[in-house]
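Inspection log for the structure reproduced underneath, given as structure tokens.
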Amino acid sequence: MMRAFRSGAILLVLVTAPVAQAQEPIEIGSRLELLVDDYLIASMSGGAHLQLHQPTRREVVFRTDAPWEGNASAYQSIVKDGDLYRIYYRSLHYQHGGGPAEALADHPWYLCVAESRDGIHWERPEVGLFEFGGSRANNIVMTPESVAEIGGDPAHSATFLDTNPACPPAERYKTIILGSKPQTGLYVLVSPDGYRWSVKSTTPCVTEGAFDSQNLAFWDPTIGAYREYHRGFRDDIRDIMTAVSPDITQFPAPQWLAYPEAPTEHLYTNQIGPYYRAPHILMGFPMRYTDRGWSLPVLDWPGLEERLARARHSRRFGTAVTDAVFMTSRDGVTFRRWPEAFIRPGPRREGSWVYGDNFVFWGMIETASDLGDAPNEISLYATEHYWEGVYTEFRRYTLRVDGFVSATAPRSGGELVTKPLVFSGGSLALNLATSGAGGVEVEVQEADGTPIPGYELQDCPEIRADSLAHIVRWEGGGDLRPLTGKPVRLRFVLRDADLYAFQFVPYQPDPEVPTEVAVSILPPRNPDRGPFVIMEDDFSRVQAGTSPTGDDLDPTAAAPGASGWRIAEGEPDRVQVLNDDPPGSGRAGANAYLRLERRDESMEQGGLAWIALSPQDIADSDRGLIEVWARIWVPSTNQSRVEIDGYGDEPGEWQQRAFHVRIAGNGAVSYYRAEENVIPGLRCPPDSWQDVHLLAHLATGTFDLTVDGQTVTGLPFATDGVHRVRCLTIGPNSGSTALLVDSIRVSATPR
């Protein structure tokens, strides 16, 4: 079917046809689902698309400037142990980076640790295990001698906290390390405290591959087994291999990762692990290696002198550059890899655009936002200033929680529809960010795409928020418990908005509405209700005058929550019930009428009357018929047009325009849709009482109009996607204009 949604002055029509053949629903239960891939997406249309987000550069949090460290620190691992954070990093120095690098002497390759309580301020603990320069006052936790049993290389290692429920306490810290005894491969080290290490097995757990990189393993709670990822060369391209085993000391033959539709590129590292909030999604941040040789633009890169010095040892040391990319997987083998950089080489004119920079550490943590009361952020870390000088810098980057990729759309709008899902829970929480003028609307559908009553798009007030877990509420409330366990689709309409993730959570009761706040919450429809009158008035029950006066002569306003008049009078003489006959004569007659005049006031200030519908009347007329009968008088002296308009908004708002009828002082009748459209064949003679009949078909968004006995059918609403009327406006459309209303009747027929 064809669906349409509002988008300012632009109309986007989207094809969202019901699925021709049934799709097996995806069981998501109550897990958090990030929109990092198209796994759950059936269609996107309009301006909607998936957008990769780059993290924000923050401060340098650490420099490897101790005498036992150096300028080639890499292969960092981040471990969270309770409220303590640790970074394990190699201390290594290259003197062949140029003149500044020669200030520090070469030394053996070590593994060191830095610690932090907040992820921002890091320090070296004095572990006191190994001597350097005659002192044990250092943070070295591994030396070549300490792992000589396996020919271990502390500079090529990855450390993690083993979350396997069966892991012995003495082995809860593990390191995957490159070793050469008895054969080259990956070995497993274990530790109870992350400081003191022992060899778990003298037999390598992986032997097939090239291991001159950071090779890693971890416990995957989703499959209840260990995964390992390591370097290999596929057709001379640096690439990634993987294997799965319940026993970390022995893995089967590895297989290559697959990246459908991604270009072939050198991936120096992999940095893969379960996302801590949604462990069924694996995330990787490979360091991408690119070398196109010497060119004039390369000569403009920072640090030319050091670049030339490195190139004397190997040309690629001067011409290669590394950045970071982002990829995700749900099976651990096939990854959606974004071709655009997650972290670019950067704007710095010193210590950047270097082979070895932008290496993203393995692991991420949550840190406090520098905005104070804003939610926590994700902190990631990456290397800078590699090779040059006597230290490497650790740069912190921040990203919104779950904010790696979003479904986004511009102000003109876009739409995303999921595949059929089966969930558990009672409320829908969204991680989203919108502008003040944009928003997100949500519809819950049957598996075949049929909207579910009570959860339709028009039932969802547009969400304008920036929240990690905004609870979606429809006008009947946000209770999704009746749908749990049933196949459903979610339809998201986005305008100037980003949707990062969603999750079905335990039922969250609707908030209490303060008595001074008017919030539209529609009750359930009354299925037994037949045609009904919303409001009828001939103004005979109101005190009338013979000419405009400062006295209040307004029609009777409806009680709160009931259908009836809402008056914006401004000055008291702008909206009055009069009985002069003929109008303007000042002579009292038998007939009362409503006079509405707008001089130089705005619509909000006066001269306009609204007919507001009660919540029950709105619910019962939804997608039904609305009829308006009015007997009106349009003065020929009017400088502008008068209006009979319907809105899907509350009185005083003009966003969801339904039928819009305009009548000018010369008798021309028009309707509004992006611009004024004169209706041929219709005319309302001025300066006389005329009958107007309007029949609005809310399901189709069209209306029929009869004026002075002539009828035109099938006129379009001003905005597509509006299928209910909350209020009507009667009165002048602009200044120096008046409208007289002898009687009016508004009725509805449910459908």
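Every number in this text was worked out from the coordinates using simple rules, so none of it is lab data. Because the structure is predicted, anything quoted here is derived from the model rather than measured. Neighbour counts run over all protein chains shown; Cβ positions are idealised from the backbone, glycine included.
Which GluC sites (Glu not before Pro) does segment 495-564 hold that lie in a coil by DSSP with at most 16 other beta carbons within 10 Å?
On the way: sites: E512, E516, E536; in loops: E512, E516.
In loop regions of segment 495-564 (DSSP not H, G, I, E or B), the sparsely surrounded GluC sites (Glu not before Pro) are E512, E516.
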Item to check | Net charge over other residues, Cβ less than 11 angstrom from the Cβ of Y89 (K, R count +1; D, E count -1) | outcome: +2
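For segment 56-400, what is the relative contact order in percent, using Cα pairs closer than 8 Å and at least 6 residues apart in sequence?
Working: 928 pairs, mean separation 60.3, N = 345.
The value is 17 percent.
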Item to check | 3J(HN,Hα) from dihedral phi, segment 311-324, Karplus parametrisation 6.51/-1.76/1.60, rounded to Hz, x for glycine, proline | outcome: 5, 5, 8, 7, 3, 5, 5, x, 10, 7, 9, 10, 9, 10
Checklist entry - So which GluC sites (Glu not before Pro) in segment 597-650 are both in a DSSP loop and have at most 11 other Cβ atoms within 10 Å of their Cβ? => result E604
Item to check | Reported label for calculated Rg/Rh (Cα atoms, Kirkwood Rh) given [x] 1.15; [y] 1.01; [z] 1.23 | outcome: [x]
Checklist entry - So which GluC sites (Glu not before Pro) in segment 283-350 pass both tests, a DSSP loop state and at most 12 other Cβ atoms within 10 Å of the Cβ? => result E340, E350
Checklist entry - Looking at G701, V634, N591, which one has the Cα that reaches farthest to the positive end of the dipole of segment 532-749 (charges on Cβ: Lys, Arg +1; Asp, Glu -1)? => result G701
Next on the checklist: Apply the a/c threshold of 1.5 to the C-alpha gyration tensor of segment 129-211 and tell me whether it is rounded, prolate or oblate.
Outcome noted: oblate
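Taking the Cα centre of segment 532-749 as origin, sum charge times position over the Cβ atoms of Lys and Arg (+1) and Asp and Glu (-1), and report the length of that vector in debye to the nearest 20.
Details: 17 positive and 32 negative charges, 81 e Å.
That gives a dipole near 380 debye.
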Checklist entry - Under a 5 Å amide H to amide H cut-off, with H placed in plane at 1.01 Å, what residues pair with V206 once short-range neighbours are removed? => result L186
Checklist outcome for this item: Relative contact order in percent for the chain (Cα pairs under 8 Å, 6+ apart) equals 12 percent
Checklist outcome for this item: Simple SL model, points at 7 angstrom along Cα→Cβ for L84 and D704; separation in nm is 8.0 nm
Item to check | Pairs of Lys in the chain closer than 25 Å at Cα, counting only those 8 or more apart or on different chains | outcome: 5
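Please give the peptides 482-493, 293-304 ranked by average Cβ packing (other Cβ atoms within 10 Å per residue), highest first, as a rough proxy for protection. List each step's numbers first, then the result.
Working: 482-493: 20.4, 293-304: 12.5.
Output ranking for 482-493, 293-304: 482-493, 293-304.
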Checklist entry - Across segment 569-586, in residue order, what do the Karplus-derived ³J(HN,Hα) couplings come to in whole Hz, using 6.51 cos²θ - 1.76 cosθ + 1.60 with θ = phi - 60° and x for Gly and Pro? => result 8, x, 5, x, 7, 7, 10, 9, 9, 10, 9, 6, 9, x, x, x, 7, x
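Label segment 56-400 by shape, choosing from rounded, prolate and oblate, from the square roots a ≥ b ≥ c of the eigenvalues of the Cα gyration tensor; if a/c is under 1.5 it is rounded, and otherwise prolate applies when a/b is larger than b/c, oblate when it is not. Intermediate values should be presented prior to the final figure.
On the way: a/c = 1.26, a/b = 1.14, b/c = 1.10.
Taking the square roots of the gyration eigenvalues as a ≥ b ≥ c, segment 56-400 is rounded.
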Item to check | In sequence order, calculated HN-Hα J values of segment 44-57 (Karplus, 6.51, -1.76, 1.60; Hz; x Gly/Pro) | outcome: 9, 8, x, x, 6, 7, 8, 10, 6, 10, 8, x, 8, 5
Item to check | 5 angstrom amide H check on S427, placed H, neighbours 5+ away | outcome: L480, V505, Y507, Q508
Item to check | Environment charge of S427, counting only residues whose C-beta is closer than 14 Å and scoring Lys/Arg +1, Asp/Glu -1 | outcome: 0
Checklist entry - So how far, in whole Å, is the C-alpha centre of segment 426-500 from the one of segment 223-284? => result 35 Å
